[in-house]
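Accompanying notes for the structure given below.
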Amino acid sequence: MVSDENLATFRYGMKCFFEEGRALAGLSHPNIIRVMNFFRANETVYLVMKYERGRTLQEHVQVKKGNVRENFIRRVFTMSLNGLREVHANKLLHLDLKLANIYIRTDHTPVLVYFGAARQTLTQGQFKLNPMYTPGFASPEQYKNRELMGPWSDLYSIGAAMYACVAGGAPPAADQRIERDKYIPAIKQFAGRYTEQLLKTIDWCLQLGYLKRPQSAVALQKVLLREKDPEVPSRRTFVNNLRGALTRPARW
């Protein structure tokens, strides 16, 4: 039972999740979880999602124990960005991108799951609830100055997820970095383990200033496809195959 003093907030939360369910149900993309239905029942709201076989990217990284291949990172995030472009093209944000919310199917293709946009909505307007973050993956503007949130906020999280693939764990939380930035650039930490271009791309995404990050998913996608390191086998074939997956740039 919800107490009378919290009833208005609870109902507002239901409305937010229901409206987000409606928006997600309108998305149909191979790299976004498919919302099959959404409905109210038992004084709450339900989302019915398509069942997918596989495991989370977090589980994959744990199994690999710091030995995640660069080709895998580039492929998974390039394809994940296809889905994110569709999200942004529909004027939506994910706002909870992390290893646990990128699901790797048995055919090795990624799918974005568990959006956090509705939870962020609950921190705005007349209902000032405490925001919910995933430390290390949430962008600086999700902690404060939420009016600055945009596609670049999700791209900070993408950078944090790529960092976690390389490091085995998330970078320092953004709120702590704002106070005293102890982040050691990936280009310094992991030099020699991955190409310089990939490490610089991670550092680009993890800039604290939102204007210093990639401003669109397609901008980041193009950079991930740009590397032509001859030491990585079959890189050219990999890049050419993924170029065919690119669609029109998302417009925010």
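The values are calculated or read from the model by the stated rules, or taken from the named source; none is laboratory data. As the structure is a computational prediction, the values presented were derived from the model and not from experiment. Note: ideal-geometry Cβ built from the backbone for every residue, glycine included; neighbour counts use all protein chains shown.
Of all residues in region 37-46, those satisfying the criterion of being in contact with a strand residue (DSSP E or B) (Cβ under 9 Å, 6 or more places away or on another chain) and surrounded by fewer than 18 Cβ atoms within 10 Å (Cβ to Cβ) are N37, F39, R40, Y46.
Here A170, A138 are screened, and the one residue that is surrounded by fewer than 21 Cβ atoms within 10 Å (Cβ to Cβ), part of a loop (DSSP other than H, G, I, E, B) and at pLDDT 95 or above is A170.
From the list R34, R85, R69, R53, the one residue that fits, being buried (at least 19 other Cβ atoms within 10 Å of the Cβ), among the basic types (K, R) and out of contact with any Asp or Glu (no Cβ under 7 Å at 6 or more places or on another chain), is R85. If the condition is being surrounded by 24 or more Cβ atoms within 10 Å (Cβ to Cβ) and at pLDDT 95 or above, then region 141-153 contributes P151, W152.
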